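Taking it in order: structure first as structure tokens, then the write-up.
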Amino acid sequence: QVQLVESGGGLVQAGGSLRLSCAASGRTFSSYTMGWFRQAAGKEREFVAAISGSGGRIYYADSVKGRFTISRDNAKNTVYLQMNSLKPEDTAVYYCAAEAGIYYFDLKKYDYWGQGTQVTVSS
């Protein structure tokens, strides 16, 4: 069982930055692929970024590539999402998730989810 708690969301102006954190419980954090997803009001949840257990493989959605950076610290059981050059269209609830496989992009494959943190980007 893995419990995930996100933090770091908030209100920021367009062009600004935020850093999201996701703290995980459990002793096997490094064995999980970690992903960030987001869900805007009235839209489906979508993939943002994912990182393998070792950190050696990283993937981004095209919409955030070059602006967002995912990283993890296995010693701290934490995954991060550094978000720069934020745009109003990045406004959403951001969720971190963990999965034991290597599916990365498919939210249906993720076993554990956090409660989400709101990110609002004003224009």
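The values are calculated or read from the model by the stated rules, or taken from the named source; none is laboratory data. Remember, predicted model here, so these are calculated numbers, not experimental data. Positions of Cβ are backbone-derived with ideal geometry, glycine not excepted, and every protein chain shown enters the neighbour counts. Just so you know, the surface numbers come from the protein's heavy atoms only, side chains and all, with ligands and any DNA or RNA stripped out. Shrake-Rupley method; radii C 1.70, N 1.55, O 1.52, S 1.80 Å.
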Out of the total accessible area of the stretch 63-123 (probe 1.4 Å, heavy atoms of protein only), what percent is carbon and sulfur?
51 percent
Under the 7 Å Cα-to-Cβ spin-label approximation, Y59 and T28 lie apart by a distance in nanometres of 2.2 nm
With every protein chain kept in place and ligands, DNA and RNA left out, what is the accessible area per residue of the stretch 57-123? Probe 1.4 Å, answer in Å².
52 Å²
Note on the chain, DSSP bridge orientation, antiparallel percent to nearest 5 equals 90 percent
Could you bin all the Cα-Cα distances of the stretch 71-123 into 10 Å bins starting at 0 and give me the percent of pairs in each, rounded to whole numbers?
20, 44, 31, 5
Sites Q39 and A100 - FRET efficiency at Förster radius 22 Å, r taken between beta-carbons, to 0.05:
0.45
Cα-projected label distance for S17 with S122, points at 7 Å along beta-carbon direction, nm:
2.1 nm
At 20 °C and 1.002 mPa s, what whole-number value in µm²/s does Stokes-Einstein give for the translational diffusion of the chain, with Rh from the Kirkwood sum over Cα pairs?
152 µm²/s
